[in-house]
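The values are calculated or read from the model by the stated rules, or taken from the named source; none is laboratory data. Keep in mind the model is a prediction, meaning the values are calculated, not measured. Every residue, glycine among them, receives a Cβ derived from its backbone with ideal geometry; neighbour counts consider all protein chains shown.
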Amino acid sequence: MPLKRSVITINPRLPFLREKTSKLTSSPGVYIMKNKEEAIIYIGKAKNLKNRVTSYFRENPDHTPKVAAMVSNVHDYDFIVTDSEYEALLLECSLIKQHKPKYNILLKDDKGYHYIRISDEAYPRITAEKNTLSGGEYLGPYTSAFITKETVDEVNKVFMLPTCHKCFPRDFRKGRPCLNFHIKQCMGLCRGKISHSEYSQTIKSAIDFIKNGSSHSVERMEAEMLSAAENLDFERAAALRDRINAVKKAAEKQKIINCNLTDADVIAGVASPDGMCISVLMYRAGKLFDKSAFNLTVMDTEDIYSAFLKQFYHSRNDIPPVILIENEPADKDLIEEMLKALSGHKVKLRAAQRGQYYELIRLAKNNSSEYIAIKGNHTGKDVIALEELAKALGLEKPPQYIEAYDISNLSSESMVAGMVVFENGNPLKRAYKRFNIKELSLQNDYGSMQEVLRRRLVKIGSPDEDEYFARKPDLILLDGGKGHVNSVAPILSQLGLNDIALFGMVKDNKHRTRAIATGDREIQLSGMKSAFMLLTRIQDEVHRYSVSFMHSKHKKKTYYSEFTSIKGIGEKKAAKLMTVFKTKENLKKASVQELADTIGVNIDTANELFQLIQEMK
């Protein structure tokens, strides 16, 4: 299914804008879109100004929603002609930075000043802070929140410092040590067995580690270890030995994984409901040095990396010789030329789709997914799976609310359907629905699916329905192939719901998920493990749900037929028995009098019914 596009809201200025554009030059340059208040709302560069600007105002537009919104607000535009596309690129970067237009990608991250605090308690703690408002000693400022937090976490682990909320010495010997003590990530200060002078010396070593690095700390601790051994203080010597090993391990921890890159940036993004999150992992001297994450409101996903690269590096003076990127931008050569001019050395943009470099791309991608997950209160794996699914299906953004349907029956008996709902990649069980097939008396999977979808879709937006039945899904999945999709698609058209994506879930001959079906073809999910796993979960869940409903209904029908074999009990009385007692176990516990009172029969009939129930298997 192609990307969903939006129709431009009619802009009364379009005739004027088209007339103006018809006289525009074909030279390279920058165009500047303005609204009726003459505020700049979008800036772009073009190799051919006339062709590019014309694409916004043509008669039959095919724009993404955000481009359509921008075009509907354009009152006029200006332009600046340049001698080359490269000059246009530089000018575009400069103007975007200066004017910050509403519809351009604007980079905002969490950069600021960060500090490492050594508290002024009797037994000090080491923490990462965003300001210096509390008492104590501060190290910094540092510009990287990531480096500050990583340093604090590492130093607390290496020196086994307490990170709990206990107050010392007040809480000495009150309760047992926590898990961190037992897994050797805390010295167990709460036991009250570590002297104040010993703890103070440990804090000094930790501060020295932060200020002077691992090599200086190791040299000093090795000297202390030898001195302790010579003085026969073997316990302290062993503790220092373990600490030295921990420091060395920490120093090696941040090296690039199986990679000969020393200085490089790694850039990859993940789509979110509101746009996109892009992460940059910065490796310097073979180690992870810093990272940044940017939440972007995307206007056009086709040039997202091009726009990002230009803005991110335009004002930076630390540009590495290699930039690994998930997808190569169309104007790669121009951007490399700009980066070379900014940095004074050659810069290579390299796309990585497999191999050791792709492992770094995957790491950056996982960082992006975790940022989105924290914001949306779900997991990074779910974010990746939904993004992959959207990519495979050609959806404009990841589907947050998915409904799946399956038909289940035993020949033409007990015909039912189940609807399961997945929100943000997880089952939303309170939104599940069960359907009895009412309009058909003979088995017909296509007809049954049409009936169920029609009954469900007419409820969308109804104030009389519960919040889940009234909600419009982003994606509908049918347990079946092209035939199922083609049978249901006309119903969406009739109800004006063509904006809901519709696909089938195809199984192999072993009843395992194999592919996704459109109305005329199948989409394979090879290389998309997360999307495949999510789809399998959805298909298995909707099948389980519909089959369990069918079995429960078939059981009731079996009971009905047995109950109605007794003279004086018809279908209505049999149905009432199941409605009141619900399960076979409850029926077996019922007395003869309870049975008689429930369905209004005499004692002789109730006795016969009682005996039948007791003999049921």
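Among the residues of region 431-454 satisfying the criterion of being surrounded by fewer than 18 Cβ atoms within 10 Å (Cβ to Cβ), among the basic types (Lys, Arg) and outside any helix (DSSP H, G or I), which is farthest from the chain's Cα centre (by Cα)? By that ranking, first place goes to LYS438.
In region 171-188, is there at least one residue being assigned to a helix (DSSP H, G or I), in contact (Cβ under 8 Å) with a residue 24 or more places away in the chain and assigned by TED's automatic domain parsing to the domain that holds PHE159? Scanning region 171-188 turns up no residue that is assigned to a helix (DSSP H, G or I), in contact (Cβ under 8 Å) with a residue 24 or more places away in the chain and assigned by TED's automatic domain parsing to the domain that holds PHE159. Selection of region 53-76 for residues being of a type in the set (Ser, Thr, Tyr) and buried (at least 20 other Cβ atoms within 10 Å of the Cβ) yields only TYR56. Would you mention how many residues in region 99-128 are at pLDDT 85 or above and either within 21 Å of CYS186 (Cβ to Cβ) or surrounded by fewer than 16 Cβ atoms within 10 Å (Cβ to Cβ) (or both)? Qualifying residue count, region 99-128: 15.
The number of residues in region 204-256 being at pLDDT 80 or above, of a type in the set (Ser, Thr, Tyr) and surrounded by fewer than 16 Cβ atoms within 10 Å (Cβ to Cβ) comes to 1. Please work out if LEU139 is closer than 29 Å to TYR199 by Cα, hydrophobic (A, V, I, L, M, F, W, C) and not in a loop (DSSP other than H, G, I, E, B). Judged against the criteria, LEU139 is a match.
Of ALA268, ALA293, which residue is in a strand (DSSP E or B), modelled with pLDDT under 85 and outside the structural domain of LEU89 (by TED's automatic domain parsing)?
ALA293 is the lone residue from the list that is in a strand (DSSP E or B), modelled with pLDDT under 85 and outside the structural domain of LEU89 (by TED's automatic domain parsing).
So is MET505 in contact with a helix residue (DSSP H, G or I) (Cβ under 7 Å, 6 or more places away or on another chain), part of a helix (DSSP H, G or I) and within 30 Å of GLY483 (Cα to Cα) or not? Working first, answer last.
Values: in contact with a helix residue (DSSP H, G or I) (Cβ under 7 Å, 6 or more places away or on another chain): yes; part of a helix (DSSP H, G or I): no; within 30 Å of GLY483 (Cα to Cα): yes.
Judged against the criteria, MET505 is not a match.
Taken over region 586-609, the criterion of being of a type in the set (D, E, K, R) and without any contact (Cβ under 8 Å) to a residue 12 or more places away in the chain is satisfied by LYS589, GLU594, ASP597, ASP604. The lone criterion from (1) more than 22 Å from PRO398 (Cα to Cα); (2) surrounded by fewer than 18 Cβ atoms within 10 Å (Cβ to Cβ) left unmet by GLY527 is number (1). Pairs are defined by a Cβ separation below 8 Å, a sequence spacing of at least 6 or placement on different chains, a first member in region 289-311 that is over 26 Å from GLU150 (Cα atoms) and among the charged types (D, E, K, R), and a second member that is at pLDDT below 75 and not in a helix (DSSP H, G or I); the pairs so defined are ASP300/THR64.
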